[in-house]
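Take a look at the structure below.
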Amino acid sequence: MNKKPMYEIIYKTLKEQIINDKYPLDKPLPTQIEIAKMFNTSEITSRRALVELATDGIITRIRGKGSFVNPSLKNQLESEQNKITKIYYVHTEVSFQLLSHRFYVDLLEGIHHDCEKKNIKFEMWNYHRNGEPPNEKGVGLIILNDGKGDGISLDVLDKWKQERRPLITSHFYYPHLEIPYVVVNNVNSGYLATQHLIAHKHHNIGIILTGDSLLDMNQEFMLRLEGYKLALSHHQILFRSENIQIVSGEHESEQMGFEGMRRLLALNNPPTAVVATSDLKAFGAIEAIKDAGLSVPEDISVVGIDDLQLSKYYSPALTTINQNSYTLGKRSVELLEEYAMLDKNNNKELIKDEIYPKLIVRDSTKMLSEIKRSGEI
């Protein structure tokens with residue numbers, strides 16, 4: 001094995017010491033005589049190491065005063081030291097069925113494509129099976145938690161932050177931890193769906209949500225409900241508590257939408273339009289409407305949220321909200337890189353971003369007819 005020349009060893013050692021703040025900007029580095037003694041070598045060798053450092057712009061040499069750290073290059077070296085070279089998408093025991101959902105497929109594609117463009121390695125990491133991901137230089141973490149409390153604990157997330165690991169939570173956030181995050185604006189998802197129906201002259205609008213009760217819904221569905229209420233409020237439309245149907249279920253399903261719609265149809269004054277807070281629930285709601293001898297959108301308009309691939313082929317093709325999760329993945333990488341470069345001792349501002357969803361209009365919604373509106377309260 002070829003042994004490295006001594007001047008290269010001196011060069012590397014001094015460079016690392018400069019990165020680690022051993023030498024203040026206003027104080028000279030050791031002289032070439034002192035460096036020669038430190039490394040038990042000749043002055044010719046120590047001089048060559050200093051010349052190489054100056055040539056690379058790491059130090060500046062001032063005649064009669066000595067060698068000093070180059071301030072601008074020191075910042076550049078620190079940036080190189082903090083650069084993300086590998087990202088783990090850290091999850092718990094999440095089913096592959098869930099990860100094959102359009103939202104997560106697009107999210108992972110957004111992460112992968114941005115990593116590929118930047119020559120960053122990208123892998124998924126199962127926290128429950130593999131334990132903590134490596135705490136190494138250049139490793140960043142994008143955290144997936146399910147919002148139900150059985151994911152990675154808040155204590156673990158706080159510990160990782162205290163260890164100064166580059167990390168970001170994607171899709172959920174924890175304000176008190178002040179961990180960087182990027183989320184889809186779920187208030188906007190509920191708002192856009194409801195606003196679309198209001199623009200089509202519907203005022204009696206139902207909503208089908210997932211949860212055990214109003215007090216036991218995860219973050220995304222609570223926010224979608226807020227968007228629904230906000231759209232009604234902006235148009236001064238009467239809020240009807242009976243129009244909120246909450247259906248329990250471990251995973252989103254057509255059956256949940258079918259049950260929620262069945263309850264809405266049983267009301268004395270059933271809604272003329274419904275926001276189903278997932279496409280799967282929307283499919284079930286449409287089947288319940290058909291089973292009742294009614295039509296979509298002629299009798300009842302339906303909007304979903306997710307923009308599953310099947311939505312455009314359903315009968316009728318489903319008007320829905322695309323959550324723009326590809327951009328969510330891309331921004332997760334960008335903000336993680338930004339956070340890695342920060343001076344975490346002096347940074348006061350929390351890094352965060354919101355991704356805005358998009359309304360996709362298809363055939364399941366229609367302007368409310370004059371005859372239908374005359375029957376509304």
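The values are calculated or read from the model by the stated rules, or taken from the named source; none is laboratory data. What you are looking at is a predicted structure, and each value in this text was computed from that prediction instead of being measured. Neighbour counts are summed over all protein chains in view; Cβ atoms, including those assigned to glycine, are modelled from backbone coordinates with ideal geometry. With ligands, DNA and RNA removed, areas are computed over all heavy atoms of the protein, side chains included. Shrake-Rupley method; radii C 1.70, N 1.55, O 1.52, S 1.80 Å.
Some observations on this one:
- Only one of the numbered conditions (1) out of contact with any Ser or Thr (no Cβ under 7 Å at 6 or more places or on another chain); (2) at pLDDT 95 or above is violated by VAL302, and that is (1).
- Of all residues making up the range 254-281, the number that are open to solvent by 20 Å² or more (accessible area, probe 1.4 Å) and in contact with a strand residue (DSSP E or B) (Cβ under 8 Å, 6 or more places away or on another chain): 3
- From the list SER325, SER332, the lone residue that is of a type in the set (Gly, Ala, Ser), more than 28 Å from HIS200 (Cβ to Cβ) and crowded, with 17+ Cβ neighbours inside 10 Å is SER332.
- Residue within the range 238-253 that is open to solvent by less than 20 Å² (accessible area, probe 1.4 Å) and part of a helix (DSSP H, G or I) present: yes
- One residue from ASN188, ASN204 being within 17 Å of GLY227 (Cβ to Cβ) and at pLDDT 95 or above: ASN188
- Inter-residue pairs, beta-carbon under 6 Å, first without any contact (Cβ under 8 Å) to a residue 40 or more places away in the chain and in the range 305-327, second open to solvent by less than 50 Å² (accessible area, probe 1.4 Å) and part of a loop (DSSP other than H, G, I, E, B), 6+ apart: ASN322/ASP307
- Residues of the range 14-46 classified as closer than 12 Å to GLY66 by Cα, open to solvent by less than 30 Å² (accessible area, probe 1.4 Å) and assigned to a helix (DSSP H, G or I), total: 0
- Residue list for the range 196-217, filter: among the β-branched types (Val, Ile, Thr) and in contact (Cβ under 8 Å) with a residue 60 or more places away in the chain: ILE205, ILE207, ILE208, THR210
- Matching entry among GLU163, GLU178 (being open to solvent by 60 Å² or more (accessible area, probe 1.4 Å) and either on the phi > 0 side of the Ramachandran plot or touching a residue at least 40 places away in the same chain (Cβ under 8 Å) (or both)): GLU178
- Note on the range 98-163: enclosed helices (runs of 4 or more DSSP H) holding 2 or more residues that are closer than 20 Å to ILE355 by Cβ are 102-117.
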